[in-house]
1. Note the count of lysine pairs whose C-alpha atoms are less than 28 angstrom apart in segment 123-228, limited to pairs 8 or more residues apart or on different chains.
2. Are there any GluC sites (Glu not before Pro) in segment 152-254 that are in a DSSP loop and have at most 13 other Cβ atoms within 10 Å? List them by number.
3. Quick one: if you take sqrt(5λ) for each eigenvalue of the C-alpha gyration tensor of segment 162-294, what semi-axes come out, biggest first, whole angstrom?
4. To the nearest whole percent, what portion of all C-alpha pairs in segment 60-149 is separated by more than 19 angstrom?
5. What are the ³J(HN,Hα) values, in whole Hz, obtained from phi via the Karplus relation 6.51 cos²θ - 1.76 cosθ + 1.60 with θ = phi - 60°, for each residue of segment 276-281 in sequence order, with x given for Gly and Pro?
6. Return the sequence-ordered ³J(HN,Hα) values of segment 77-86 in whole Hz as given by the Karplus equation 6.51 cos²θ - 1.76 cosθ + 1.60 applied to θ = phi - 60°, using x for Gly and Pro.
7. Tell me, what HN-Hα J-couplings in whole Hz come from the Karplus equation 6.51 cos²θ - 1.76 cosθ + 1.60 at θ = phi - 60° for each residue of segment 213-222, using x for Gly and Pro?
8. Can you list residues from other chains, or at least 5 along the same chain, whose modelled amide H is less than 5 Å from the amide H of Phe242?
Amino acid sequence: MVLGSTLAPLEGFAKPIEIHASHEKIFHNLEELEDNNPQTSDTPALTKIAPKIDDAHIKDYLTKIRNPDRYHADDIILDTKGKQLLDAVVKRLGRLQETVGHGNFCIFDFDTSIQAARRHPAIGEFTKEELDFLEETFCRDAKDYGFMGDKQINKLTAGINERDFSKIPYTGNYLFKGESQRKFAELQKRVGEELILTSGIRGITKQFYLFLNKAYLYDGNLSLASRSLAPPGYSFHATGDFDVGQRGFGGGNFSVRFISTPVFHFLTSKGYVEYRYKKDNMLGVRYEPWHIKL
């Protein structure tokens, strides 16, 4: 579905998938089956069981999150003007990240980002159209894209207090003091140096960049982007969740290949963690076995 204007009014969007009570029961049973029956040669995988569900909406939903980078008929895609703004914003945010550094970029709030862009000619000041585009994107209900998670940050200009986080040595990432930092330290102590922190706190600017860059790479497809990256304001990285990986595994830490690593097997077998986005979850998001839920 191509938007008739840069960001069409709500009524111009495709109707979001509705998860009824009967569907919730189905998903609950599937998740319970998955949790209690680890996959073996004698145990059918969840992906073999779910297609037996007759409900067309559930089948369509599962197809989307199992194939997050595939285009679907009701995906929301920016029109020509929207794609032009998307192109300009993504490139400006990329220049901002390069100028201030990847670590600092993770904790930049919206106002700080605007000020930095204004001060540095290498970045260039955001235009009014670009700022309007960012604000509309932030205010859009993510359910229009098919993302079902709750919004974590409701104010575009919300910041992160420096007293509330710490930089984790040798990672370039930050974690919130308290539960997040304690949980990561516990996991690293139990698993050892093979476990690394791959992504910690993400401020609103960082989440904008990740989400919009994904849409940019897929021709302005906002729905597709939302199946693997939370829209701005909806990321749990802004409230405590973090990602872990296997040392030396590179980009594989952000793919299903991560489940083949010793780190994943150790974490799972010992029951040390709970994952935010399980297989066939109801949040409209792909399976993310690296994303630790607090």
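1. Close lysine pairs found across segment 123-228: 28.
2. Those satisfying the criteria are Glu193.
3. Largest first, segment 162-294 gives 23, 18, 13 Å.
4. Pairs farther apart than 19 Å: 52 percent.
5. 5, 10, 6, 4, 6, 6
6. Residue by residue, segment 77-86 yields 10, 5, 7, 4, 5, x, 5, 5, 5, 4 Hz.
7. For segment 213-222, the Karplus-derived couplings read 5, 4, 4, 4, 5, 10, 6, x, 7, 6 Hz, x marking Gly and Pro.
8. Hits under the 5 Å cutoff: Ile292.
Each reported figure results from applying straightforward, stated rules to the coordinates on display, with no laboratory input. Owing to the predicted nature of the structure, the values given are computational and were not obtained by experimental measurement. Here the Cβ is made from the backbone with ideal geometry for all residues, glycine too, and neighbour counts use every protein chain on show.
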